[in-house]
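J.: Here it is: the structure, laid out below.
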Amino acid sequence: MRHRFPGAALVALSLLVTPGAAAAAPADAGGPVPRPVERFARQTLPAGDGWAADGVGTTGGSAADQVHLVRTRAELVDALGGDNATNRTNATPKVIVVDGVIDGFEAADGGLLGCADLADPEYSQAAYLTAYDPAVWGMVPPTGPLEAARVRSVANQTKQTQINVGPNTTIVGLRGATLTGLTLMIDTANNVILRNLTFDDARDCFPAWSPTDGTTGNWNSQYDQVSVRRSEHVWVDHNTFTDGDNPDSAQPVYFGRPYQVHDGSLDITHTASLVTASYNRFVGRDKLMLIGSSNTVGPDVGRLKVTLHHNMFDRVLQRLPRVRFGQVDVYNNWYRLSGEGFEYAVGVGVQSAAYVENNHFTLAAGIAAEDLLYDWGGTAVTTRGNWVRADGDRARPVDLVAAYNATHDPDLGTDAGWTPALRHGQVLPAPLVPLVVGALAGANRLPL
Ligand code: CA
Ligand code: CA
């Protein structure tokens, strides 16, 4: 059977360039931001567009009196309220437009700090690699003065490269806007919008050796590109997440494991909920999106509700996403997966309820449909309307759960127990997804 839906693609394209409802707000007289940019920066999440549209919806900083144009880390921190240590609680509506590249390692004088500038005087990587080598130290967690110095170094870096975002905030980028070497931390901050930004290489100068992580130990890093914790109503739209010229694949190997300087791209944890991530492009990272960070049956129950639609997962390796507890709607995403290091796409974790519909999986040699789900202690996942194009094969419909169950035990059930109601516009048939998502997902694709 042939599937051709050019009309649907045109509808999707026209929906995309239709702005969301702009909030009524006074003009920013005399401001430095052109009116079309201001109109874009004040857009709010369209009604019904995923979990972030639930209830009161997501308006970000659209009610702000003025729009801030920022070009440096210091200007970004100023626009967020003036003090990175307290900005997390600044609920004044604010719209921030990023111009150019802002580096989390920028010092107050505009110069760039290096890892050595953030290291505690008693820490050195060379000393750490010598002291905690499993051949010397054994496979037990590092302790003692050198580990304490590493922890102090992490605290130094957090003050510098973790940028804290308060409630009622919109941050958008002009064409080419890039946030490099920093984490946007959305913690106890409801109603936040992030659009048209490139997040580049949020990196940890002081990774921790965790000898009891897995069978061989692992290096673990602290910094996500965007972290959402204890917050709701967050819309992450048309951004690119990349590690640029510092990919995971280029990291050295110490103690037989990759020296991992990156954590998640967009991690949603600690009872966060009502998040919509749409039209983002995630490139070349190992761990992408953790939804729920603990198996503890506690405050995460009933939370962690996330919608992922029209995102591109491009040569990324795992957690696409990994879900615990939440009702997570995963539709119309394009997964273009390459074989080297690939682990799985959707992780079915404890009490998770993922609904995976009309996605398209383009698979390199070495990846099969049975590899796309992973059972992290869950019981069921709804999958329908998905297509797979295996290497050297035609695209064809796939039953992801049946493919998984045929080669794994215990089997996963096929009913996650809910049906998504919050969707905006038409759900595309899976064969059209690469065309639409490939053209439109990521930063620098909106008509600005
Ligand atoms: Ca994380
Ligand atoms: Ca089985």
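J.: In what order do Tyr279, Tyr374 fall by count of nearby beta-carbon atoms within 10 Å, going from fewest to most? Don't skip to the answer; put the middle values down first.
T.: Values: Tyr279 25, Tyr374 20.
If I rank by nearby Cβ atoms, fewest first, I get Tyr374, Tyr279.
J.: Let me spell out the model: positive unit charges on the Cβ of Lys and Arg, negative unit charges on the Cβ of Asp and Glu, origin at the Cα centre of the chain. What dipole size does that give, in debye rounded to 20? Walk me through the numbers on the way to the answer.
T.: On the way: 34 positive and 46 negative charges, 255 e Å.
In debye, rounded to 20, the chain gives about 1220.
J.: Tell me, what does the Kirkwood hydrodynamic radius of the range 300-346 come to in angstroms if you use every pair of distinct C-alpha atoms? Before the final figure, lay out the partial values.
T.: Working: mean 1/r = 0.0871 Å⁻¹.
Final number for the Kirkwood radius of the range 300-346 is 11.5 Å.
J.: Hey, what's the per residue convex hull volume over the C-alpha atoms of the chain, in cubic angstrom?
T.: Working: hull volume 64.1 nm³, N = 448.
Cα convex hull per residue, to the nearest whole number: 143 Å³.
J.: Follow-up. In a solvent-free Debye calculation with one equal scatterer on each Cα, what is log10 I(q)/I(0) for the range 182-314 at q = 0.09 Å⁻¹, listed in the order of the q values?
T.: Summing over Cα pairs of the range 182-314 leads to -0.27.
J.: Net charge near Phe325, counting Lys/Arg +1 and Asp/Glu -1 over other residues with Cβ under 10 Å of its Cβ? Show your work: numbers first, answer last.
T.: Details: positive: Arg303, Lys305, Arg324; negative: Asp300.
Here the charged neighbours net out to +2.
J.: Now for a separate question. Which value, to two decimals, describes the C-alpha radius of gyration of the range 154-237 once divided by 2.2 N^0.38 Å?
T.: Numbers: Rg = 14.7 Å, N = 84, 2.2 N^0.38 = 11.8 Å.
Cα Rg divided by the expected 2.2 N^0.38 Å: 1.24.
J.: Is it possible to state the helix-based mean residue ellipticity at 222 nm for the chain, with each DSSP H run of 4+ residues giving -39500 (n - 2.57), the sum divided by total residues, to the nearest 500 deg cm²/dmol? What is it?
T.: Values: 9 runs with 73 residues, N = 448.
Dividing the helical sum by the residues of the chain leaves -4500 deg cm²/dmol.
J.: In 5 Å bins starting at 0, how do the alpha-carbon pair distances of the range 274-334 split up by percent?
T.: 5, 18, 28, 24, 15, 8, 3
J.: Here's a follow-up. Specify, per residue and in Å³, the volume enclosed by the convex hull of the alpha carbon atoms belonging to the range 320-426. Mind dumping the intermediate values first?
T.: Numbers: hull volume 10.2 nm³, N = 107.
Output value, Cα hull per residue: 95 Å³.
J.: Any chance you could tell me what percent of the C-alpha pair distances in the range 40-122 go past 22 Å? Provide the component values of the computation, followed by the final result.
T.: Working: 1465 of 3403 pairs.
Here the tail beyond 22 Å accounts for 43 percent of pairs.
J.: While we're on this one: Roughly speaking, what is the centre-to-centre gap between the range 247-296 and the range 141-220 when only Cα atoms are used, to the nearest Å?
T.: Value for the Cα centre distance between the two parts: 11 Å.
Every number here is computed from the coordinates shown, using simple stated rules; none is lab data. Just so it is clear, the model here is predicted, and its values are computed rather than measured. FYI the Cβ positions are ideal-geometry reconstructions off the backbone, even for glycines, and counts take in every protein chain you see.
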